[in-house]
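Participant: Encoded as structure tokens, here's the structure I'll be asking about.
Every number in this text was worked out from the coordinates using simple rules, so none of it is lab data. A quick note: this is a predicted structure, and the numbers were derived from the prediction, not measured. Here the Cβ positions follow ideal geometry from the backbone for every residue, glycine too, while neighbour counts run over all protein chains shown.
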Amino acid sequence: MESQKEARTLQEPVERPPGASRSQTPKDKERQEGSAVPAAAALGAEGDDTSADGLWELPVEPAERRPECSRCSRPQKVCLCPFLPAHPLPISTHLYIIQHPAEVQLKTSISSQYVIRMQPTNRCLSTLECAAVALSILEKNNYIQETLLRPLQALCSFQLQHGAQIRLSKEHLLKNGLYPKPMPKNKRKLRKMELLMNSVKI
């Protein structure tokens, strides 16, 4: 008799007070959360579409370009025309520029005036500077070098006045312990760094 009462008690539903809900199992929670996520995503998508509708109606203001020089095509505030020669220079030499991936290094005491760019060594010159030096030597006319470098000097001056900084060469930074980056792990690049520190032509 007692075993029959226990079995009946286990099978009978437990009475709950009014307003009480059945305890949820993990599967019930997963079903509810799974159904709530798509609904929330749908509401979010509808909200985004609604908020973006007004953006298409906003007027688009045309971009205003700075007035440019008709000769050098640079902004008029930093026009280089006053620093260019009034007439083409009388040069009989034909100059062909072939640029090596590692770039040009001359045996000269001239330092680069392209001070807003970091050069590998103190003796490395920009393409313009190399052309100016070469033409001055071939034409035996130092005025050519001075004339061709005048726009470069003006360009660097403009940049420095508007926030640019003078860049020292890698050679100078390495020798004085000022190089901000860690030394490369690649053996070939590390060898180049060592040559720069020892002022060896690379």
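Participant: Below 8 Å, C-alpha to C-alpha, sequence gap of six or more: please give me the relative contact order for the range 60-133 in percent.
Facilitator: 18 percent
Participant: Just subtract the alpha-carbon distance of Lys185 and Arg66 from 0.36 nm times their residue separation and send over the number in nm, one decimal.
Facilitator: The span from Lys185 to Arg66 would gain 38.3 nm if fully extended.
Participant: Multiply the residue separation of Ser73 and Gln165 by 0.36 nm, subtract the distance between their alpha-carbon atoms, and state the gained length in nm to one decimal.
Facilitator: 30.7 nm
Participant: Follow-up. May I ask you to derive the FRET efficiency for His172 and Asn141 from their Cβ-Cβ distance with R0 = 30 Å, giving the value to the nearest 0.05?
Facilitator: Efficiency, rounded to the nearest 0.05: 0.45.
Participant: Right, here's the next one. Is the shape of the range 99-172 rounded, prolate or oblate, going by the alpha carbon gyration tensor and its root eigenvalues a ≥ b ≥ c, with a/c under 1.5 for rounded and a/b larger than b/c for prolate?
Facilitator: Oblate, since a/c reaches 1.5 and b/c is not below a/b.
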